[in-house]
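The next block holds one structure in the form of structure tokens; read it before the comments.
Only the coordinates and a few stated rules stand behind these numbers; no lab work does. Please read these numbers as outputs of a predicted model, since none were measured by experiment. Note that we place each Cβ from the backbone using ideal geometry, even for glycine, and neighbour counts take in every protein chain shown.
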Amino acid sequence: QVVYGKVASDGTGARTVPVIAALHERLQAAGAAGQVQIPRVLAFLPEQQLLLLEAIPGRPQIARLLKERLAGQSADGPLTLESGVEACGLIAAAIHRSGVALGRRRALEDELDWLAGSIAALARVSPELGARLREWLERAAAAGRAAEPLPLCFSHGDFTYTQLIFDGARTGLVDFDTVCQAEPALDLGQFLAYQRLAIHRNQRPESPMTAAAVDRLCDGFFDTYAAAMGVSDVRRLRARVRVYEILMLLRLAVHSWQKLKVSRLEHATALIEERIAWLH
């Protein structure tokens, strides 16, 4: 049996145990346990702060499929990039409608406060970059405050395709360290920001994926999610997702600067400059 161990000194392991138990129960009750697998907790050792989790079958596939598409290669197997991304939308919907009431509150103002503080610290060392990021943050904040917020729900908190596992027709989700009560737009914006950045960074200059193709791929995720959730006001959801997408790109830019990842920072800022125009 393959077992994964995670050690965290901040109490994350202890908080994860009831989260996974509650999510298992809710997915089972909703009849979604067969489609979305999550690992079971095997043990938690409080003295060592060690969480032991079972391995779920399968592996991440979207990164591979995306690299193949950007390289001009055809997918080898029944899973395509489009169907994989749409499956990610279904996973997000299953998590959001689970009704699990655990996880810290993470509202729009929390995101704005974290970014404002992080950008202020960055600006003391890199004033020009700080000024650009601050301007973008102010525009995103204005758009966020102008758009009607969505009800908070159980959210993954770090929803990217690297956390999603594929095993034939079955899918799975791992890493529950960041679960929270947030607007659904947080997870959706995070996924789209991460996906757009990966495409931006790995484009072939001689044959890039067109903007229309990128939008179709992102729309496949969003539209599948909206349909699965039965969203009645799609425009309202899309407006919030666009705000959170910018905020998640700003987070990526800050983290890239902190970790001295110059190339990723350049791609993130270029993408923010492109995407900020979509805010209304």
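Take the Cα of Gln73, go 7 Å toward its beta carbon, and the backbone nitrogen atoms of region 198-237 under 16 Å from that spot belong to 202-204. Charge dipole (Cα centre; +1 on Lys/Arg Cβ, -1 on Asp/Glu Cβ; no other charges) of region 165-233 amounts to roughly 300 debye. Taking packing as the residue-averaged number of other Cβ atoms within 10 angstrom, the listed peptides 266-272, 227-233 run from highest to lowest as 266-272, 227-233.
The magnitude of the dipole of the chain, with charges of +1 and -1 set on the Cβ of Lys/Arg and Asp/Glu and taken from the Cα centre, is near 180 debye. With contributions of -39500 (n - 2.57) from each DSSP H run of at least four residues, the per-residue ellipticity at 222 nm computed over the chain stands at -18500 deg cm²/dmol. Among Leu129, Leu27, Leu249, the largest mean-square fluctuation in a Gaussian network model of the chain (Cα springs under 10 Å) belongs to Leu129. Model label points for Glu266 and Glu138, set 7 angstrom from Cα along the Cα-to-Cβ axis, are 2.8 nm apart.
Ranked by the mean number of other Cβ atoms within 10 Å per residue, highest first, peptides 181-187, 88-94 order as 181-187, 88-94.
Just the projected area, averaged over all directions, of the convex hull on the alpha carbon atoms of the chain: how many nm²?
Average of the hull's projected areas for the chain equals 15.6 nm².
With contacts taken as Cα pairs under 8 Å at a separation of at least 6 residues, region 57-278 carries a relative contact order of 28 percent.
Can you give me the span-like helices of the chain, meaning DSSP H runs with 24 Å or more of Cα extent along the axis and Kyte-Doolittle mean at or above 0.0? Long hydrophobic helices here: 12-29, 211-229, 234-258.
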